[in-house]
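First up is the structure itself, then whatever we jot down about it.
The values are calculated or read from the model by the stated rules, or taken from the named source; none is laboratory data. All of these numbers come straight from a predicted model, not from anything done at the bench. Backbone-built Cβ (ideal geometry, glycine too); neighbour counts: all protein chains shown.
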Amino acid sequence: MVKKIEYLFRKLFFAFIIKPFIYIDMGVNVENYENFPKKGPAIIVSNHNSHIDTLILMSLFHNYEIPYIHPAAALDYFFNTKFKSFVFRKLIGMVPISRKVNKDNIDSIFDEANKILDNNEILIIFPEGTRGSNCELQQFKTGFARIAQKYPSVPIIPVYIDGPDKILPKGTLLWIPFIANVYVGEALYYDNTSAKDFAAKVRNIVWNLQQAHKNREEL
Amino acid sequence: MELHNIAPNTLIALIIFYIFLILMSIAGFILRKAGKNVDNFITRMNSFWIIALLFTCAFAFSRKIALLFIMLLCYLALKEFFSIIPIRKSLRDVVFWAYIAIPVQFYFIYTNWIVMFYLFVPLYMFLLIPVAMVKKGETQGFIKSCAVIHWGLMSAVYSLGYVALFYSIPASINPKGGILGLIFYILILTISNDFSQFFFGKTMGRHKIVPTISPNKTWEGFLGGIFGTTIISIIMGYFLTPMSIYQSAFAGAVLAVAGFLGDVTMSGVKRDLGIKDTSQLIPGHGGILDRFDSLIFTAPLFFHYIAYVFDINILR
């Protein structure tokens, strides 16, 4: 019952606040939307330049699906106070992932992420680990590959988002509307390579999507 | 909420327009039933329905709502423009000031301070954008960035803003259709010009008119567009505006040329940037700038024409 109210609230929050904000204030152009997952389970892997990234990716889903989308967020940034933790978990559906590995959490670090995929829900991960600047693609951390290793049947969808670094870059609060471009790559599955190689492979796909975008801009 | 006094002629024209839309949609469904591939046409028609209903709702109630609606339109158009040009991240602040110009301009329109509307974007924003650039302290691409941002403001905010400026014309000059009659006339004429150019170009287009910019445009389409638009202008001008038959015919021909020029200008911009559509906002049509490119040229022209012929004071 409590869960139902929470889900309804999240749907309404997206339908009446986040989606109008994303689609009217800013606007989103999607390339290859047919590659985008409509239903879980799936892992979406994307570059990260702004907080807006998460909201754009979530807005691409139908409203019915909204409660079942979970962006993985840094434990030390989004969950460091009780209030923040409550708001981000309940309103957006974020799940915490620790950016630091130590003896205490090494076994349980992906527990929440795994639970999401067990429930056939969708996980959004920004494997750069933090927001970048100037659209430079950082090295991908291997966390998502380790999750994928456990779920070889879950599709991984690489995505490149252009625009949020102009809309709301790191370190500013003045947000300026632009239309964002989302490039969706083809889904792939975990193969038998190591987590490190797989992370590099996915990064390469996202990098190619970025280059395709750059080629277009320079025309 | 106070309803406008919609003149009977304008109301009848609106009803005829909707009957036409219904017939087009029915034709689309019949063609689909007959097994023809008209999905693109139906997508376009559905989008067109939404545009038509939005415009009707926006203009039917009050001047305030209409101005807000046109303001939103200008905002979407300007945002589209800033999103298609390769603008650097460091110019965010300059872009911010460009956005601020929209509410300021509509304040001038709302308070009927028309001279200030004439001057604000062409002159004061022209001066302010370099100031914002100087404040940024960047010299790389200085003049280019100023020019591009001002170009966007002029086309997306200033020219489209003329649609709202029709409300500043006293309704007494147009007893037949009222202010809404004039706005309806220019909107329908611009759309039907696009359509008749497309129609004549598709059916008998042979000779390319601007092959480097828009290879699909032909002389036949251009001249056919002028012909079709002039006829529609004479009919609509008679019922909706105070123009005589000759004045309507002249307005129709001039607006047809202007609409064509607006169309190819935006094509030139898009070709320069290597894109097909300015955004994906309107399914089947592209973006605001794709759909309203002709209006950027026709709205100011028709406003000045009406003002020159019937109410010269507004220009003084």
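Tell me which residues, restricted to segment B:186-204, are over 27 Å from B:Thr10 (Cα atoms) and surrounded by fewer than 20 Cβ atoms within 10 Å (Cβ to Cβ). I'd like the intermediate steps shown before the answer.
Residues of segment B:186-204 over 27 Å from B:Thr10 (Cα atoms): B:200-204.
If the condition is that a residue be over 27 Å from B:Thr10 (Cα atoms) and surrounded by fewer than 20 Cβ atoms within 10 Å (Cβ to Cβ), then B:Lys202, B:Thr203, B:Met204 are the ones that fit.
Among the residues of segment B:271-287, are any crowded, with 20+ Cβ neighbours inside 10 Å, more than 14 Å from the chain's Cα centre (by Cα), within 22 Å of B:Trp49 (Cα to Cα) and polar (S, T, N, Q)?
yes
Would you please list the contacts, defined by Cβ atoms under 7 Å and residues six or more apart or on different chains, that run from a residue in segment A:3-26 that is among the hydrophobic types (A, V, I, L, M, F, W, C) to a residue that is outside any helix (DSSP H, G or I)?
A:Ile22/A:Val28; A:Met26/A:Pro177; A:Met26/A:Phe178; A:Met26/A:Ile179; A:Met26/A:Ala180
In this structure, does A:His51 turn out to be more than 14 Å from every other protein chain (Cβ to nearest Cβ), of a type outside the set (Val, Ile, Thr) and free of Cβ contacts under 8 Å to residues at least 60 places away in the same chain?
Working: more than 14 Å from every other protein chain (Cβ to nearest Cβ): yes; of a type outside the set (Val, Ile, Thr): yes; free of Cβ contacts under 8 Å to residues at least 60 places away in the same chain: no.
When the stated conditions are applied, A:His51 does not pass them.
Would you kindly identify the helices (runs of 4 or more DSSP H) lying entirely within segment B:59-129 that contain at least 3 residues that are at pLDDT 90 or above and within 14 Å of another protein chain (Cβ to nearest Cβ)? Full working, then the answer.
Numbers: elements: B:63-84, B:92-110, B:114-119.
The helices (runs of 4 or more DSSP H) meeting that bar are B:63-84, B:92-110.
Give just the number: which of (1) more than 14 Å from every other protein chain (Cβ to nearest Cβ); (2) more than 13 Å from A:Ile124 (Cα to Cα); (3) in a helix (DSSP H, G or I) does A:Met58 not satisfy?
Result: A:Met58 passes all but (2).
Go through segment B:275-316 and count every residue that is assigned to a loop (DSSP other than H, G, I, E, B) and without any contact (Cβ under 8 Å) to a residue 24 or more places away in the chain. Please lay out each step first, then the result.
Within segment B:275-316, the first condition is being assigned to a loop (DSSP other than H, G, I, E, B), and the residues that meet it are B:275-281, B:283-285, B:287, B:292, B:311, B:316.
From the residues that got through so far, the ones that are without any contact (Cβ under 8 Å) to a residue 24 or more places away in the chain too are B:276-277, B:280, B:316.
Total satisfying the criteria: 4.
What's the number of the condition B:Arg88 fails, among (1) over 22 Å from the mean Cα position of the chain (by Cα); (2) buried (at least 22 other Cβ atoms within 10 Å of the Cβ)?
(2)
Does segment A:63-82 contain at least one residue that is within 14 Å of another protein chain (Cβ to nearest Cβ) and exposed (fewer than 15 other Cβ atoms within 10 Å of the Cβ)?
Taking segment A:63-82 and keeping what is within 14 Å of another protein chain (Cβ to nearest Cβ), we get none.
The answer is no, given that none of the residues of segment A:63-82 is within 14 Å of another protein chain (Cβ to nearest Cβ) and exposed (fewer than 15 other Cβ atoms within 10 Å of the Cβ).
Matching residues to (1) under 28 Å from B:Trp49 (Cα atoms); (2) buried (at least 17 other Cβ atoms within 10 Å of the Cβ):
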| position | (1), (2) |
| --- | --- |
| B:Gly161 | yes, yes |
| B:Ser172 | no, no |
| B:Gly178 | yes, yes |
| B:Gly181 | yes, yes |
| B:Asn216 | yes, no |
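Go through A:Ser59, A:Ser108, A:Ser85 for me and flag whichever is over 24 Å from B:Ile282 (Cα atoms) and in contact with a helix residue (DSSP H, G or I) (Cβ under 9 Å, 6 or more places away or on another chain).
Working: A:Ser59 fails: over 24 Å from B:Ile282 (Cα atoms); A:Ser108 fails: in contact with a helix residue (DSSP H, G or I) (Cβ under 9 Å, 6 or more places away or on another chain).
So the residue among A:Ser59, A:Ser108, A:Ser85 that is over 24 Å from B:Ile282 (Cα atoms) and in contact with a helix residue (DSSP H, G or I) (Cβ under 9 Å, 6 or more places away or on another chain) is A:Ser85.
What about B:Asp272, is it without any contact (Cβ under 8 Å) to a residue 60 or more places away in the chain, within 14 Å of chain A (Cβ to nearest Cβ), outside any loop (DSSP other than H, G, I, E, B) and under 20 Å from B:Phe195 (Cα atoms)? Steps first, answer last, please.
On the way: without any contact (Cβ under 8 Å) to a residue 60 or more places away in the chain: yes; within 14 Å of chain A (Cβ to nearest Cβ): yes; outside any loop (DSSP other than H, G, I, E, B): yes; under 20 Å from B:Phe195 (Cα atoms): no.
It is false that B:Asp272 is without any contact (Cβ under 8 Å) to a residue 60 or more places away in the chain, within 14 Å of chain A (Cβ to nearest Cβ), outside any loop (DSSP other than H, G, I, E, B) and under 20 Å from B:Phe195 (Cα atoms).
Out of segment A:16-33, which residues are more than 14 Å from chain B (Cβ to nearest Cβ) and loosely packed, with under 13 Cβ neighbours inside 10 Å?
Once the filter is applied, which keeps residues that are more than 14 Å from chain B (Cβ to nearest Cβ) and loosely packed, with under 13 Cβ neighbours inside 10 Å, segment A:16-33 yields A:Phe16, A:Ile17.
Determine which member of the set A:Ser133, A:Ser194, A:Ser153 is under 30 Å from B:Ala101 (Cα atoms), modelled with pLDDT under 90, among the small types (Gly, Ala, Ser) and surrounded by fewer than 23 Cβ atoms within 10 Å (Cβ to Cβ).
Details: A:Ser194 fails: under 30 Å from B:Ala101 (Cα atoms); A:Ser153 fails: under 30 Å from B:Ala101 (Cα atoms).
Being under 30 Å from B:Ala101 (Cα atoms), modelled with pLDDT under 90, among the small types (Gly, Ala, Ser) and surrounded by fewer than 23 Cβ atoms within 10 Å (Cβ to Cβ) holds for just one of A:Ser133, A:Ser194, A:Ser153, which is A:Ser133.
What are the pairs with Cβ atoms under 7 angstrom where one residue, in segment B:73-88, is in contact (Cβ under 8 Å) with a residue 12 or more places away in the chain and the other, located anywhere, is of a type in the set (Asp, Glu)? Sequence gap at least six, or different chains.
Between residues of segment B:73-88 that are in contact (Cβ under 8 Å) with a residue 12 or more places away in the chain and residues that are of a type in the set (Asp, Glu), the close pairs are B:Pro86/A:Glu217.
Considering only residues that are assigned to a loop (DSSP other than H, G, I, E, B), under 21 Å from B:Lys176 (Cα atoms) and of a type in the set (Ser, Thr, Tyr), which ones fall in segment B:198-250?
Looking only at segment B:198-250, we keep the residues that are assigned to a loop (DSSP other than H, G, I, E, B), and these are B:205-207, B:209-217, B:241-244.
Adding the requirement that they be under 21 Å from B:Lys176 (Cα atoms) leaves B:241-244.
B:Thr241, B:Ser244, listed by residue number.
Among the residues of segment A:197-212, is any surrounded by fewer than 22 Cβ atoms within 10 Å (Cβ to Cβ) and of a type in the set (Phe, Trp, Tyr)?
Checked segment A:197-212: at least one residue is surrounded by fewer than 22 Cβ atoms within 10 Å (Cβ to Cβ) and of a type in the set (Phe, Trp, Tyr).
Yes or no: B:Ile30 exposed (fewer than 15 other Cβ atoms within 10 Å of the Cβ), farther than 19 Å from B:Ser192 by Cβ and among the hydrophobic types (A, V, I, L, M, F, W, C)?
Numbers: exposed (fewer than 15 other Cβ atoms within 10 Å of the Cβ): yes; farther than 19 Å from B:Ser192 by Cβ: yes; among the hydrophobic types (A, V, I, L, M, F, W, C): yes.
Yes, satisfied.
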